[in-house]
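Scroll down for the structure; my scribbles are underneath it.
The values are calculated or read from the model by the stated rules, or taken from the named source; none is laboratory data. In this text the structure is predicted, and so the values were computed from the model without any measurement. Virtual Cβ from ideal backbone geometry, glycine too; neighbours counted across all protein chains shown.
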Amino acid sequence: MKIGIADTTFSRVDMAKCAINKIPPNYKIERYTVPGIKDLPVACKKLFEKYNCDIVIALGMPGPMSIDKQCAHEASLGIQMVQLLTNKHILEVFVHMDEVKTEKALYQLAKNRTEKHTFNALALLNGKETLTPYAGSGRRQGFDDVGRITDG
Amino acid sequence: MKIGIADTTFSRVDMAKCAINKIPPNYKIERYTVPGIKDLPVACKKLFEKYNCDIVIALGMPGPMSIDKQCAHEASLGIQMVQLLTNKHILEVFVHMDEVKTEKALYQLAKNRTEKHTFNALALLNGKETLTPYAGSGRRQGFDDVGRITDG
Amino acid sequence: MKIGIADTTFSRVDMAKCAINKIPPNYKIERYTVPGIKDLPVACKKLFEKYNCDIVIALGMPGPMSIDKQCAHEASLGIQMVQLLTNKHILEVFVHMDEVKTEKALYQLAKNRTEKHTFNALALLNGKETLTPYAGSGRRQGFDDVGRITDG
Amino acid sequence: MKIGIADTTFSRVDMAKCAINKIPPNYKIERYTVPGIKDLPVACKKLFEKYNCDIVIALGMPGPMSIDKQCAHEASLGIQMVQLLTNKHILEVFVHMDEVKTEKALYQLAKNRTEKHTFNALALLNGKETLTPYAGSGRRQGFDDVGRITDG
Amino acid sequence: MKIGIADTTFSRVDMAKCAINKIPPNYKIERYTVPGIKDLPVACKKLFEKYNCDIVIALGMPGPMSIDKQCAHEASLGIQMVQLLTNKHILEVFVHMDEVKTEKALYQLAKNRTEKHTFNALALLNGKETLTPYAGSGRRQGFDDVGRITDG
């Protein structure tokens, strides 16, 4: 199994390192670094088609301005299209700079979200029902889980 | 006939259980659990193309923030594309966390909307005019129907 | 010539009836009823590809909330894609619930817009210049025409 | 060389006439009139594929409301897709009704923008560097040019 | 290796000149000038498919109004689609007129962003890990880099 990691020079945290640290050694890794999040979709597509990855983790850190949200939206739509053209999952790990207030919190957020989505990627590679025990359980990446609501 | 159910670990309610409870035993079910709503479109596509489902129910619970609405929009556009690429219906059942005020109401909303759309899925499998008697009658899922307005 | 009519159970007015009443008996009609506007695009595509329609009238009534506008946008983009994939026109007749204030006005708006777009559909079936005499004349559907502005 | 002109009955100005007046007699013209701007993309596609046009000028006049901007956005995305599917240019000439305050100004704006984009269409037909002498020179259509900013 | 440069007459700065000045003489250059940013996507596609470019730099300067942001969004989505259809990178260099306050600052911003993205284009042509040493280092184009955040 081969895992692709697409990341950016724009991000202020080396998110790829956080991901790579959590991938067991029996997986191959291909990395592709681009300038910004809008360069990620075609990089992901090439990781699938040229480098034969089975799943891709796309790492980005959109800025805090309104135009940055628009860029993130465009990148996300591109990532949607790549998944549908290749029938493969891309775990999109975007950390918005305005989600937290300090650089320290931003680092922790980026690290936690990246690590949890790396586990999600590994789970998805193991089959479509690997995550089913956790369905509807209010899982979060970057923050604490919020829990399941039941009938009771 | 085979019904696909795609759901998420992000949701706080096990919506898939609500759907499965309403599907008669003569239908086969394939379930696919992903982390969040943006992972649903490719899961739906694989439910059609790899698992031969005839229709898919896509279950998700977007958060209350502006960025969550954007994610829901991206997921919905992906779901549109999957339907057009496969010529099959996907019943998108999204419950926005800010639609109601309490956890109890959120559970009821999610359950009701999921169940009603499960009936819609069964109806669509029975042909393009199965729902025609209810056309223009103000049907709602999650809330009460609002009724038909006539000339009189 | 065969005209497809796609409509919803969500709408509060039986818009399809308004359309069918204005279609001359020498046209065949295929109807496809879905739950909501986001289910319309794939229904339209099937009306073209499976039921051999030459044109489709897509009827919907989006709600008044911000999220309803987003749904209408997603449906409209799907309808754009279907037209480009099939090279055929879809007359999109969407009546937004917040366009008028009373149920009576909503009914009249839905009826008028549907009827006028039914005439547009018939005109488009007759060739690309059938509507040319009315080009730039400020035609409206649902409300009164606003008229042409000339140099004088 | 054949130039396609797609226009609408919704517009309050006969923009097509403004375009046709500026096209030299050695060009063939195909016209396609549709109800509104969201009907333009498939009309443009047919002008390329069925009527063999080499370039298309798409003329529309979106209304002043928020929902009109959304419609214009949907039409524009459709026009983007048509260009990418056909590898041909579509000059999109949209005049928003709220760009100016009087009917007289609206007419002049529509006329000026249409004429200038007609010249752009003729230039693009002459090769990819025909407009290069004007690159970065602050050209505007509908309003006066704003000029080039240089290092000095 | 051949680099495509797509630019506009709408921009107030000759951004293409800034790019060309930074491309070493051993690269071939193809230039394509269009009226506005919404004409860029199909120009980029033709630079790849008709003129055999290996990468394209798309240069544009959206205006300051809300409708200009919408146009930029449409252009960006087109540029996303072109990259996915061709499996090649497009460096999108958009300078929004409201990013800075004076003409002088606008010129410097356009020049700096164009030059830095030209270096990015050259780096991407050299392989998917050429930029990896700078991953997560807070690089900016047009403004100063903001730096990497680490665990410490």
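Annotations
- Restricting attention to segment B:118-152, the residues that are aliphatic (A, V, I, L, M) and either touching a strand residue (DSSP E or B) at 6+ places or on another chain (Cβ under 7 Å) or within 19 Å of C:L47 (Cα to Cα) (or both) total 6.
- Of E:N87, E:N126, E:N120, E:N52, all but one fail to be touching a Leu at 6+ places or on another chain (Cβ under 9 Å) and either buried (at least 18 other Cβ atoms within 10 Å of the Cβ) or not hydroxyl-bearing (S, T, Y) (or both); the exception is E:N120.
- E:T150 vs. criteria of a type outside the set (K, R) and closer than 30 Å to A:Q108 by Cβ: yes
Yes or no, residue by residue, for (1) more than 9 Å from chain A (Cβ to nearest Cβ); (2) farther than 29 Å from B:K101 by Cα; (3) crowded, with 24+ Cβ neighbours inside 10 Å:
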residue: B:P25; (1), (2), (3): yes, yes, no
residue: B:D39; (1), (2), (3): no, no, yes
residue: B:L47; (1), (2), (3): no, yes, yes
residue: B:C71; (1), (2), (3): no, no, no
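- Single match in E:G63, E:G4, E:G78 (criterion: farther than 26 Å from E:D98 by Cβ, out of contact with any Gly (no Cβ under 8 Å at 6 or more places or on another chain) and among the small types (G, A, S)): E:G4
- Against the list (1) among the hydroxyl-bearing types (S, T, Y); (2) touching a helix residue (DSSP H, G or I) at 6+ places or on another chain (Cβ under 7 Å); (3) surrounded by 20 or more Cβ atoms within 10 Å (Cβ to Cβ), the condition E:Y107 fails is (2).
- Each residue in segment A:73-90 was checked for being within 7 Å of another protein chain (Cβ to nearest Cβ) and among the hydrophobic types (A, V, I, L, M, F, W, C), and 5 of them qualify.
- Among the residues of segment C:93-128, those that are within 15 Å of the chain's Cα centre (by Cα), over 16 Å from C:F10 (Cα atoms) and either at the interface with chain D (Cβ under 8 Å from one of its Cβ atoms) or among the aromatic types (F, W, Y) (or both) comprise C:H117, C:F119, C:N120, C:L124.
- Within this structure, B:M61 passes the test of being within 17 Å of C:D68 (Cα to Cα), more than 12 Å from chain C (Cβ to nearest Cβ) and crowded, with 23+ Cβ neighbours inside 10 Å.
- Filtered residues of segment D:110-132 (kept if more than 17 Å from E:I37 (Cβ to Cβ) and not in a helix (DSSP H, G or I)): D:N126, D:G127, D:E129, D:T130
- Whichever residue in segment C:1-13 is of a type outside the set (S, T, Y), within 7 Å of chain B (Cβ to nearest Cβ) and in contact with a strand residue (DSSP E or B) (Cβ under 8 Å, 6 or more places away or on another chain) and, among such residues, is nearest to C:K69 (Cα to Cα): C:F10
- Residue check for A:A75: small (G, A, S), crowded, with 23+ Cβ neighbours inside 10 Å and touching a Ser or Thr at 6+ places or on another chain (Cβ under 6 Å): no
- Within segment C:130-145, not a single residue is of a type in the set (F, W, Y), under 29 Å from B:G147 (Cβ atoms) and crowded, with 19+ Cβ neighbours inside 10 Å.
- Some residue of segment B:133-146 being at pLDDT 95 or above and part of a helix (DSSP H, G or I): yes
- Scanning segment D:1-15 for residues that are within 16 Å of C:I149 (Cα to Cα) and touching a residue at least 60 places away in the same chain (Cβ under 8 Å) gives D:S11, D:R12, D:V13, D:M15.
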